[in-house]
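Worksheet: the structure to be examined is printed underneath.
The values are calculated or read from the model by the stated rules, or taken from the named source; none is laboratory data. Predicted model, so just to flag it, every value in this text is computed and none were measured. Cβ placement follows ideal geometry from the backbone for every residue including glycine, while neighbour counts extend to all protein chains displayed.
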Amino acid sequence: MRHESHLEAGAGGGARYVQSWRPECDARAALVLLHGLAEHSDRYGELVARLVDLKIAVHALDHRGHGRSAGPRANIGRFAWLVEDAAARLAAARAEAPRRPLLLLGHSMGGAVALATALQHPVDALILSAPAVGADPHPPWVRVAIARLLSALAPSVGVLTLPSDALSRDPEVGRRYDADPLVYRGAIPARSIIELLDAMRDLRARAPLLRVPVLVMHGTADRLVPFAHCEPVYERLGSPDRTLLRFEGFYHELFNDPERARVFEALAAWIVRRL
(Lines give C-alpha, C1' and ligand atoms only; values in the text may rest on other atoms or scores of the structure.)
Protein backbone atom coordinates (compact mmCIF):
# COMPACT_ATOMS: atom_id res chain seq x y z
CA MET A 1 0.00 0.00 0.00
CA ARG A 2 1.30 3.45 -0.95
CA HIS A 3 0.30 6.41 1.23
CA GLU A 4 0.49 10.12 0.39
CA SER A 5 -0.74 13.24 2.18
CA HIS A 6 -0.62 17.00 1.73
CA LEU A 7 -2.42 20.25 2.50
CA GLU A 8 -4.49 22.14 -0.04
CA ALA A 9 -6.84 25.13 -0.05
CA GLY A 10 -10.39 24.39 1.09
CA ALA A 11 -13.78 25.97 0.50
CA GLY A 12 -14.43 28.92 2.79
CA GLY A 13 -10.70 29.45 3.36
CA GLY A 14 -8.00 27.57 5.26
CA ALA A 15 -6.02 24.46 4.43
CA ARG A 16 -7.46 20.96 4.20
CA TYR A 17 -5.48 17.87 5.06
CA VAL A 18 -5.98 15.30 2.30
CA GLN A 19 -4.51 11.84 2.00
CA SER A 20 -4.68 8.80 -0.24
CA TRP A 21 -3.84 5.11 -0.12
CA ARG A 22 -3.20 3.16 -3.30
CA PRO A 23 -2.60 -0.54 -3.97
CA GLU A 24 0.80 -1.54 -5.28
CA CYS A 25 -0.85 -2.77 -8.50
CA ASP A 26 -3.19 -0.81 -10.76
CA ALA A 27 -6.37 0.15 -8.95
CA ARG A 28 -9.66 -1.18 -10.33
CA ALA A 29 -11.63 1.74 -8.86
CA ALA A 30 -11.31 4.83 -6.69
CA LEU A 31 -13.25 5.73 -3.55
CA VAL A 32 -13.54 9.02 -1.66
CA LEU A 33 -14.04 8.62 2.09
CA LEU A 34 -15.76 11.25 4.26
CA HIS A 35 -15.53 11.02 8.06
CA GLY A 36 -18.00 12.10 10.73
CA LEU A 37 -18.43 15.05 13.06
CA ALA A 38 -15.63 15.77 15.59
CA GLU A 39 -13.33 12.99 14.31
CA HIS A 40 -10.85 12.63 11.42
CA SER A 41 -9.86 10.46 8.48
CA ASP A 42 -7.06 8.56 10.27
CA ARG A 43 -9.68 6.63 12.28
CA TYR A 44 -10.56 4.48 9.24
CA GLY A 45 -7.36 2.46 8.96
CA GLU A 46 -8.95 -1.00 8.89
CA LEU A 47 -11.59 0.06 6.37
CA VAL A 48 -8.91 1.59 4.15
CA ALA A 49 -6.78 -1.56 4.31
CA ARG A 50 -9.72 -3.75 3.30
CA LEU A 51 -10.62 -1.46 0.40
CA VAL A 52 -7.04 -1.39 -0.83
CA ASP A 53 -7.03 -5.20 -0.66
CA LEU A 54 -9.89 -5.02 -3.16
CA LYS A 55 -7.56 -3.00 -5.42
CA ILE A 56 -9.40 0.25 -4.72
CA ALA A 57 -7.53 3.55 -4.35
CA VAL A 58 -8.89 5.47 -1.35
CA HIS A 59 -8.88 9.26 -1.07
CA ALA A 60 -9.89 11.13 2.10
CA LEU A 61 -9.72 14.50 3.79
CA ASP A 62 -10.20 16.02 7.22
CA HIS A 63 -13.21 18.33 7.10
CA ARG A 64 -12.85 22.01 7.93
CA GLY A 65 -12.13 22.38 11.66
CA HIS A 66 -11.33 18.69 12.04
CA GLY A 67 -8.17 16.64 12.48
CA ARG A 68 -5.21 18.25 10.72
CA SER A 69 -7.31 20.72 8.71
CA ALA A 70 -7.54 24.42 9.55
CA GLY A 71 -10.52 26.14 11.13
CA PRO A 72 -12.15 26.54 14.55
CA ARG A 73 -12.42 23.09 16.10
CA ALA A 74 -15.46 21.12 14.96
CA ASN A 75 -17.00 24.26 13.44
CA ILE A 76 -17.80 23.39 9.82
CA GLY A 77 -18.69 26.98 8.93
CA ARG A 78 -21.13 26.11 6.16
CA PHE A 79 -22.37 22.68 5.15
CA ALA A 80 -21.98 23.75 1.52
CA TRP A 81 -18.24 24.14 2.10
CA LEU A 82 -17.99 20.46 3.08
CA VAL A 83 -19.77 19.54 -0.15
CA GLU A 84 -17.36 21.71 -2.17
CA ASP A 85 -14.37 20.04 -0.52
CA ALA A 86 -15.82 16.58 -1.18
CA ALA A 87 -16.43 17.51 -4.81
CA ALA A 88 -12.81 18.61 -5.11
CA ARG A 89 -11.66 15.19 -3.85
CA LEU A 90 -13.95 13.49 -6.37
CA ALA A 91 -12.58 15.61 -9.19
CA ALA A 92 -8.99 14.80 -8.22
CA ALA A 93 -9.74 11.08 -8.02
CA ARG A 94 -11.57 11.16 -11.36
CA ALA A 95 -8.69 13.01 -13.03
CA GLU A 96 -6.24 10.39 -11.76
CA ALA A 97 -8.24 7.48 -13.19
CA PRO A 98 -10.87 8.83 -15.60
CA ARG A 99 -11.96 5.45 -16.95
CA ARG A 100 -12.35 3.62 -13.64
CA PRO A 101 -15.45 3.54 -11.40
CA LEU A 102 -15.61 6.27 -8.76
CA LEU A 103 -17.32 5.54 -5.44
CA LEU A 104 -18.22 7.87 -2.56
CA LEU A 105 -18.47 6.64 1.04
CA GLY A 106 -19.56 8.78 3.98
CA HIS A 107 -20.06 8.02 7.68
CA SER A 108 -22.41 9.94 10.00
CA MET A 109 -22.08 13.66 9.14
CA GLY A 110 -19.86 12.50 6.28
CA GLY A 111 -22.81 10.46 5.07
CA ALA A 112 -24.94 13.59 4.87
CA VAL A 113 -22.15 15.31 2.96
CA ALA A 114 -21.79 12.29 0.67
CA LEU A 115 -25.50 12.22 -0.16
CA ALA A 116 -25.56 15.97 -0.84
CA THR A 117 -22.45 15.64 -3.01
CA ALA A 118 -23.84 12.71 -5.00
CA LEU A 119 -26.97 14.76 -5.73
CA GLN A 120 -24.81 17.48 -7.30
CA HIS A 121 -21.76 15.74 -8.75
CA PRO A 122 -21.33 12.52 -10.79
CA VAL A 123 -20.33 9.35 -8.95
CA ASP A 124 -20.75 5.72 -9.95
CA ALA A 125 -21.95 4.47 -6.57
CA LEU A 126 -22.74 5.83 -3.11
CA ILE A 127 -22.17 4.14 0.27
CA LEU A 128 -23.68 5.57 3.46
CA SER A 129 -22.68 4.37 6.95
CA ALA A 130 -25.11 5.54 9.67
CA PRO A 131 -25.54 8.81 7.76
CA ALA A 132 -26.81 11.83 9.68
CA VAL A 133 -29.67 12.48 7.27
CA GLY A 134 -32.60 12.49 9.70
CA ALA A 135 -33.31 14.24 13.00
CA ASP A 136 -35.82 13.83 15.80
CA PRO A 137 -39.18 14.88 14.32
CA HIS A 138 -40.14 16.37 17.70
CA PRO A 139 -36.99 18.21 18.89
CA PRO A 140 -36.83 20.48 21.93
CA TRP A 141 -37.65 23.67 20.01
CA VAL A 142 -36.38 26.01 22.72
CA ARG A 143 -32.93 24.42 22.55
CA VAL A 144 -32.99 24.52 18.76
CA ALA A 145 -33.98 28.19 18.80
CA ILE A 146 -31.15 28.99 21.20
CA ALA A 147 -28.69 27.06 19.05
CA ARG A 148 -29.88 28.90 15.95
CA LEU A 149 -29.37 32.24 17.70
CA LEU A 150 -25.89 31.21 18.84
CA SER A 151 -25.06 30.00 15.33
CA ALA A 152 -25.63 33.53 14.08
CA LEU A 153 -24.08 35.46 16.98
CA ALA A 154 -21.48 33.15 18.53
CA PRO A 155 -21.03 30.24 16.10
CA SER A 156 -18.25 28.46 18.00
CA VAL A 157 -20.15 28.22 21.29
CA GLY A 158 -20.74 24.56 22.11
CA VAL A 159 -24.28 23.24 22.48
CA LEU A 160 -24.06 19.43 22.25
CA THR A 161 -21.67 16.75 23.51
CA LEU A 162 -21.13 13.37 21.86
CA PRO A 163 -20.86 10.43 24.31
CA SER A 164 -17.97 8.18 23.36
CA ASP A 165 -19.66 5.11 24.87
CA ALA A 166 -22.29 5.32 22.11
CA LEU A 167 -19.77 4.74 19.31
CA SER A 168 -19.24 1.00 19.60
CA ARG A 169 -20.14 -2.01 21.69
CA ASP A 170 -16.39 -2.35 22.25
CA PRO A 171 -15.47 -0.06 25.20
CA GLU A 172 -11.89 0.18 23.95
CA VAL A 173 -13.11 2.12 20.90
CA GLY A 174 -14.51 4.83 23.19
CA ARG A 175 -11.31 4.91 25.26
CA ARG A 176 -9.16 5.35 22.17
CA TYR A 177 -11.53 8.03 20.89
CA ASP A 178 -11.28 9.98 24.16
CA ALA A 179 -7.47 9.74 24.13
CA ASP A 180 -7.04 10.69 20.46
CA PRO A 181 -5.55 14.22 20.26
CA LEU A 182 -7.06 14.76 16.81
CA VAL A 183 -10.61 14.06 18.03
CA TYR A 184 -12.55 17.08 19.29
CA ARG A 185 -13.93 16.29 22.75
CA GLY A 186 -15.59 19.61 23.61
CA ALA A 187 -19.22 20.55 23.01
CA ILE A 188 -20.09 20.71 19.30
CA PRO A 189 -20.42 24.33 18.09
CA ALA A 190 -23.87 25.74 17.45
CA ARG A 191 -23.00 26.57 13.84
CA SER A 192 -22.22 22.94 13.00
CA ILE A 193 -25.43 21.68 14.59
CA ILE A 194 -27.66 24.18 12.81
CA GLU A 195 -25.96 23.71 9.45
CA LEU A 196 -26.40 19.96 9.76
CA LEU A 197 -30.06 20.23 10.79
CA ASP A 198 -30.79 22.51 7.84
CA ALA A 199 -28.96 20.13 5.50
CA MET A 200 -31.08 17.22 6.77
CA ARG A 201 -34.28 18.97 5.75
CA ASP A 202 -32.88 19.66 2.30
CA LEU A 203 -31.69 16.07 1.87
CA ARG A 204 -35.09 14.67 2.81
CA ALA A 205 -36.71 16.84 0.13
CA ARG A 206 -34.14 15.96 -2.55
CA ALA A 207 -33.66 12.25 -1.77
CA PRO A 208 -35.99 11.15 -4.62
CA LEU A 209 -33.59 12.77 -7.11
CA LEU A 210 -30.81 10.28 -6.35
CA ARG A 211 -30.27 7.84 -9.21
CA VAL A 212 -26.90 6.15 -8.62
CA PRO A 213 -26.58 2.74 -6.92
CA VAL A 214 -26.65 3.26 -3.15
CA LEU A 215 -25.81 1.07 -0.17
CA VAL A 216 -27.06 2.20 3.25
CA MET A 217 -25.76 0.49 6.40
CA HIS A 218 -27.11 1.31 9.86
CA GLY A 219 -27.00 -0.20 13.34
CA THR A 220 -30.39 -0.69 14.98
CA ALA A 221 -29.00 0.33 18.41
CA ASP A 222 -27.40 3.55 17.15
CA ARG A 223 -28.06 6.25 19.78
CA LEU A 224 -26.12 9.05 18.08
CA VAL A 225 -27.97 8.85 14.75
CA PRO A 226 -31.04 6.70 15.50
CA PHE A 227 -32.17 4.49 12.66
CA ALA A 228 -35.80 5.52 13.16
CA HIS A 229 -34.94 9.17 12.43
CA CYS A 230 -33.21 8.28 9.17
CA GLU A 231 -35.49 5.57 7.80
CA PRO A 232 -37.98 8.05 6.26
CA VAL A 233 -35.13 9.49 4.18
CA TYR A 234 -33.95 6.03 3.13
CA GLU A 235 -37.46 5.24 1.91
CA ARG A 236 -37.42 8.34 -0.29
CA LEU A 237 -34.12 7.59 -2.05
CA GLY A 238 -34.86 7.48 -5.75
CA SER A 239 -32.13 5.05 -6.79
CA PRO A 240 -33.47 2.01 -8.68
CA ASP A 241 -30.48 0.08 -7.27
CA ARG A 242 -30.94 0.64 -3.52
CA THR A 243 -29.74 -1.65 -0.71
CA LEU A 244 -30.48 -1.09 2.99
CA LEU A 245 -28.66 -3.27 5.52
CA ARG A 246 -29.76 -3.14 9.15
CA PHE A 247 -27.21 -4.54 11.61
CA GLU A 248 -29.14 -5.71 14.65
CA GLY A 249 -27.81 -4.37 17.94
CA PHE A 250 -24.89 -2.50 16.37
CA TYR A 251 -23.98 0.97 17.64
CA HIS A 252 -23.01 4.01 15.56
CA GLU A 253 -19.55 3.10 14.23
CA LEU A 254 -20.19 -0.05 12.21
CA PHE A 255 -16.56 -0.25 11.11
CA ASN A 256 -15.45 -0.35 14.76
CA ASP A 257 -17.95 -2.89 16.08
CA PRO A 258 -16.75 -6.19 17.59
CA GLU A 259 -18.64 -7.96 14.77
CA ARG A 260 -17.38 -5.59 12.08
CA ALA A 261 -16.23 -8.53 9.93
CA ARG A 262 -19.90 -8.90 8.92
CA VAL A 263 -19.99 -5.24 7.87
CA PHE A 264 -16.79 -5.48 5.85
CA GLU A 265 -17.97 -8.67 4.12
CA ALA A 266 -21.30 -7.09 3.15
CA LEU A 267 -19.59 -3.94 1.94
CA ALA A 268 -17.01 -5.85 -0.13
CA ALA A 269 -19.70 -8.06 -1.71
CA TRP A 270 -21.79 -5.04 -2.68
CA ILE A 271 -18.81 -3.22 -4.19
CA VAL A 272 -17.50 -6.23 -6.10
CA ARG A 273 -20.93 -6.86 -7.69
CA ARG A 274 -20.96 -3.30 -9.01
CA LEU A 275 -17.40 -3.30 -10.28
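Some observations on this one:
- Here R260, R246, R273 are screened, and the one residue that is without any contact (Cβ under 8 Å) to a residue 12 or more places away in the chain and either over 17 Å from V212 (Cβ atoms) or more than 20 Å from the chain's Cα centre (by Cα) (or both) is R273.
- Residue list for the stretch 138-156, filter: touching a strand residue (DSSP E or B) at 6+ places or on another chain (Cβ under 7 Å) and outside any helix (DSSP H, G or I): P155, S156
- Subset of the stretch 185-195 [touching a Leu at 6+ places or on another chain (Cβ under 9 Å), surrounded by fewer than 21 Cβ atoms within 10 Å (Cβ to Cβ) and not basic (K, R)]: A187, I194
- Residue count for the stretch 1-22 satisfying the condition of being surrounded by fewer than 20 Cβ atoms within 10 Å (Cβ to Cβ) and not in a strand (DSSP E or B): 5.
- Residues (assigned to a loop (DSSP other than H, G, I, E, B) and either closer than 17 Å to A118 by Cα or of a type outside the set (D, E, K, R) (or both)) located in the stretch 231-268: L237, G238, S239, P240, D241, G249, F250, Y251, H252, P258
- Subset tally (residues that are under 18 Å from the mean Cα position of the chain (by Cα) and part of a loop (DSSP other than H, G, I, E, B)) for the stretch 76-99: 3
- Filtering the stretch 49-64 to residues that are out of contact with any Ser or Thr (no Cβ under 8 Å at 6 or more places or on another chain) and either within 28 Å of I193 (Cα to Cα) or of a type in the set (D, E, K, R) (or both) leaves R50, D53, K55, R64.
- Residue-level analysis places V272 outside the set of residues that are touching a helix residue (DSSP H, G or I) at 6+ places or on another chain (Cβ under 7 Å) and either at pLDDT 95 or above or more than 30 Å from D53 (Cα to Cα) (or both).
- Filtered residues of the stretch 110-154 (kept if buried (at least 19 other Cβ atoms within 10 Å of the Cβ) and over 19 Å from the mean Cα position of the chain (by Cα)): A147, L150, S151
- Residue ID - surrounded by the most Cβ atoms within 10 Å (Cβ to Cβ), chosen from residues in the stretch 159-182 that are among the aliphatic types (A, V, I, L, M) and in a loop (DSSP other than H, G, I, E, B): L167
- Residue under evaluation V212, criteria (1) among the aliphatic types (A, V, I, L, M); (2) within 25 Å of E39 (Cβ to Cβ); (3) touching a residue at least 12 places away in the same chain (Cβ under 8 Å), criterion not met: (2)
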